[in-house]
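The values are calculated or read from the model by the stated rules, or taken from the named source; none is laboratory data. Quantities reported herein were computed from a predicted structural model and do not represent experimental measurements. When we count neighbours, we look across all protein chains shown, and the Cβ atoms used for this are built from the backbone with ideal geometry, even at glycine. Ligands, DNA and RNA are excluded from the accessible area calculation, which covers all protein heavy atoms including side chains. Shrake-Rupley method; radii C 1.70, N 1.55, O 1.52, S 1.80 Å.
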Amino acid sequence: QVQLVESGGGSVQAGGTLKLSCAISYGTIFSRCVKRWYRQPPGKERELISILNDSVKGRFAISQDNTKSMFYLQLNSLTTEDTAVYFCAADCTGPPDIARVYWGRGTQVTVTS
């Protein structure tokens, strides 16, 4: 059973930083997956985080560590607008019993002014 587990959320003051991590339990499929991050602000729909989006451009960065089957979302210069539940997702290819999109449960990021 493939599972994604996020960590690293919390409460931080505006201007602060956080690094979110997402671990994929089934490491052998890691390279077969497109990894993404989403967030859901309070009262809003879940949205894909694209580092090309003006709202996060230059502040957020996505990376991965193939040896650990983990990927990361670095959050810098946080503002109160970044307050949301952050989700990692992996869109994986392969045999029918593996190929699907997997989601983590989410981690809360709260930015205070």
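Just to check your reading of the model, which residue among Cys22, Cys33 is closer than 21 Å to Thr93 by Cα and touching a Lys or Arg at 6+ places or on another chain (Cβ under 9 Å)?
Values: Cys33 fails: touching a Lys or Arg at 6+ places or on another chain (Cβ under 9 Å).
Step by step, each of Cys22, Cys33 is checked, and only Cys22 is closer than 21 Å to Thr93 by Cα and touching a Lys or Arg at 6+ places or on another chain (Cβ under 9 Å).
Which of the residues spanning the range 81-105 are modelled with pLDDT of 95 or more, open to solvent by 30 Å² or more (accessible area, probe 1.4 Å) and part of a loop (DSSP other than H, G, I, E, B)?
Hit for the range 81-105 is Arg105, nothing else.
When the residues of the range 54-70 are filtered to those that are under 15 Å from the mean Cα position of the chain (by Cα), part of a loop (DSSP other than H, G, I, E, B) and not hydroxyl-bearing (Ser, Thr, Tyr), which remaining residue is nearest to Leu18 (Cα to Cα)? Before the answer, list the steps.
Step one: of the range 54-70, the residues under 15 Å from the mean Cα position of the chain (by Cα) are 56, 59-65, 69-70.
Pick out the ones that are also part of a loop (DSSP other than H, G, I, E, B) and you get 56, 59, 69.
Next, only the ones that are not hydroxyl-bearing (Ser, Thr, Tyr) stay: 56, 59.
Details: Val56: 14, Arg59: 11 Å.
Filtering the range 54-70 for residues that are under 15 Å from the mean Cα position of the chain (by Cα), part of a loop (DSSP other than H, G, I, E, B) and not hydroxyl-bearing (Ser, Thr, Tyr), the one nearest to Leu18 (Cα to Cα) comes out as Arg59.
Out of the residues in the range 1-22 meeting the condition of being under 15 Å from Ala61 (Cα atoms), within 14 Å of the chain's Cα centre (by Cα) and not aliphatic (A, V, I, L, M), tell me which one is least open to solvent (accessible area, probe 1.4 Å).
Just the residues of the range 1-22 that are under 15 Å from Ala61 (Cα atoms), to begin with: 8, 16-22.
Subset that is within 14 Å of the chain's Cα centre (by Cα): 8, 18-22.
Keeping just the survivors that are not aliphatic (A, V, I, L, M) gives 8, 19, 21-22.
Working: Gly8: 35, Lys19: 102, Ser21: 20, Cys22: 0 Å².
This residue is Cys22.
Quick check on my filter: what residues within the range 31-42 are open to solvent by 50 Å² or more (accessible area, probe 1.4 Å) and over 18 Å from Val2 (Cβ atoms)? Can you show your working first?
Our first condition is that a residue be open to solvent by 50 Å² or more (accessible area, probe 1.4 Å); within the range 31-42, this holds for 31-32, 34, 36, 40, 42.
Answer for the range 31-42, where residues must be open to solvent by 50 Å² or more (accessible area, probe 1.4 Å) and over 18 Å from Val2 (Cβ atoms): Gln40, Pro42.
Where the second residue is open to solvent by 40 Å² or more (accessible area, probe 1.4 Å) and of a type in the set (Gly, Ala, Ser) and the first is without any contact (Cβ under 8 Å) to a residue 60 or more places away in the chain and lies in the range 1-27, which pairs have Cβ atoms under 7 Å and are six or more apart or on separate chains?
Ser21/Ser7
Within the range 43-76, which residues are open to solvent by 90 Å² or more (accessible area, probe 1.4 Å) and acidic (Asp, Glu)?
Hits for the range 43-76 are Glu45, Asp54.
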